[in-house]
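FYI, it's all coordinate maths here, none of it is from the lab. Quantities reported herein were computed from a predicted structural model and do not represent experimental measurements. All Cβ positions, even for glycine, are placed from backbone atoms using ideal geometry, and neighbour counts span all protein chains on display.
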Ligand code: LLP
């Protein structure tokens, strides 16, 4: 496969330079279609909310809008991008454990539809800002259901001491939040939210989550005087990175969630009218490829290195999570394996290894190394470490390319410096 989206890989590398992040737009579209077509129900209103932290830019947000999806933002910056993309802000869910007063002000002014409140102090801040205005906002309360999905420990977010949400065991805090939401008709307390982790392979985790969420919503409605009608189950659906990964097909997870939701809701007299999911990674990861140019090859006693012109600055995931990736050399897919290579980035950090060991044909200076499945949390977690400019991001579809984020120049790097 020397093509991405019907376009020759070397030609993309030549046109945009390397490193470069390339998205096969048809894969993005297929994923969006899969989610929106499968997460449908006769019983509930269903919403697919794209978690834009996985990859947030105006072009991506326009695609989301085309498929009728909602949008999860977690900062003023993500919100601003959506606003500037012309996205309908009433479909935005604003997340985060420490939304600043300015960010809340901005969300209200932009007409953000839903704020997912993380804690009691945030509820107070929101109440103070909204009570004497004409704004109205829907609110979900982020709870910590205490379910730990089996995934990498750094990205589990729902253990009991998580910084996110209020634990279901912490009744006092939850009652306090309920009281605050109830004290103004500018706020509609619509539902509960939870997110139990990322890169989750276990369908059962969602079954447990649905049970817990419906039970807790019912408990709140009967004991805390709420009228909750919605449950947001967060994201976390796994993507395929390497042969070791066996993600549950999207259709199957959706069916499981819908089936369990209907069963659980019936148990409690059907108070819930709306269910939501928030996939990020599973929409963008597999559509993305990072292109690098190989520089020098170095042999050490135990390794054969191929150095590339990017690294942890454009993809921190291998260094941060020991995340594993597959890769190939453009144009050499049919060649025989020559050796196991370590793919090392160019950052001044010995941990900047993109791939520890991968069998490849003979790698030469000037080759284009293509790392697969880099579409989620790659560009979005990129940094300027070592003052490396951020790469371009390109969408390719049916042989046609369009730049969605320009490659930074050195002047960009110093543009704010005095
Ligand atoms: N909703 C909420 C509230 C979240 O916190 C997240 C991700 C998502 C949805 C989307 O989760 P996804 O479907 O993408 O798994 N940087 C890490 C992943 C951090 C995920 C944080 N929250 C990584 O690169 O693996």
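Here are some notes:
- Placing pseudo-labels 7 Å out from each Cα toward the beta carbon at residue 97 and residue 29 gives an inter-label distance of 4.0 nm.
- In this structure, residue 348 and residue 259 have a Cβ-Cβ separation that, at R0 = 51 Å, corresponds to a calculated FRET efficiency of about 0.50.
- Order by protection proxy (mean Cβ within 10 Å, highest first), peptides 121-129, 374-382: 374-382, 121-129
- Length added when fully stretched, residue 356-residue 333, from 0.36 nm per residue minus Cα-Cα: 6.3 nm
- Using the Cβ-Cβ distance between residue 273 and residue 417 with R0 set to 51 Å, the FRET efficiency from 1/(1 + (r/R0)^6) comes to roughly 0.45.
- Peptides 219-228, 287-296 ranked from most to least packed give 287-296, 219-228, packing being the mean of other C-beta atoms within 10 angstrom over each peptide's residues.
- Computed from Cα positions, the angle between helix 25-38 and the longest principal axis of the chain comes to roughly 30 degrees.
- The tail of the calculated P(r) for the chain, taken as Cα-Cα distances beyond 35 Å, holds 32 percent of the pairs.
- Nitroxide proxy distance, nm - points 7 Å out along Cα→Cβ at residue 240 and residue 185: 5.4
- When DSSP beta bridges are restricted to pairs lying wholly in the chain, around 40% turn out antiparallel.
- Alpha-carbon gyration tensor eigenvalues x 5, square-rooted, for the stretch 152-309, Å: 41, 19, 14
- Ordering of 358-366, 386-394, 82-90 by packing [mean C-beta count within 10 Å, highest first]: 386-394, 82-90, 358-366
- Against the chain, whose longest principal axis comes from its Cα atoms, helix 171-182 is set at around 80 degrees.
- Considering the stretch 15-105, its Cα convex hull presents a mean projected area of 7.8 nm².
- Each part reduced to its alpha carbon centroid, the stretch 34-86 and the stretch 302-368 end up 33 Å apart.
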